[in-house]
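Only one structure is covered here, and it is reproduced in the block below.
Nothing in this text is a laboratory measurement; each read-out follows from the coordinates by a stated rule. Note that the coordinates shown come from a computational prediction; the quantities given were computed from them, not determined experimentally. Here the Cβ is made from the backbone with ideal geometry for all residues, glycine too, and neighbour counts use every protein chain on show.
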Amino acid sequence: MSVLDQAKEFIQKAMRVLRVSYRPTSDEFYTTLKITGLGMILIGMVGYVLTIIFGFLEKGGKS
């Protein structure tokens with residue numbers, strides 16, 4: 001299979017996806033935005049807490 005054939009196949013698959021996709025309603029968009037934002041905040045908080053815990057563990061072990 002040549003590079004040209006692979007490119008044609010990719011374009012066909014991409015066009016198929018674009019044909020079945022649709023623009024989300026404003027309610028769907030804001031729901032997705034809220035869920036994504038909450039997930040980012042949650043992951044950030046977990047990372048911050050782990051950083052604090054490991055910071056205390058490092059200081060405690062170096063006495």
Treating only Lys and Arg (+1) and Asp and Glu (-1) as charged, each at its beta carbon, one finds that the chain has a dipole about its Cα centre, in Debye to the nearest 20, of 40
Ranked by GNM mean-square fluctuation in the chain (Cα springs under 10 Å), the top entry among 41, 11, 53 is 11
Excluding residues fewer than 8 positions from residue 13 in its own chain, the aspartates and glutamates with Cα under 15 Å of it are 5
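For region 1-35, which chymotrypsin sites (Phe, Trp or Tyr not before Pro) pass both filters: DSSP loop (anything but H, G, I, E, B) and at most 10 other C-beta atoms within 10 Å?
Details: sites: 10, 22, 29, 30; in loops: 22.
Taking region 1-35 and a limit of 10 other Cβ atoms within 10 Å, the loop chymotrypsin sites (Phe, Trp or Tyr not before Pro) found are 22.
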Pseudo-spin-label distance residue 9 to residue 58, built 7 Å along Cα→Cβ, given in nm, is 4.9
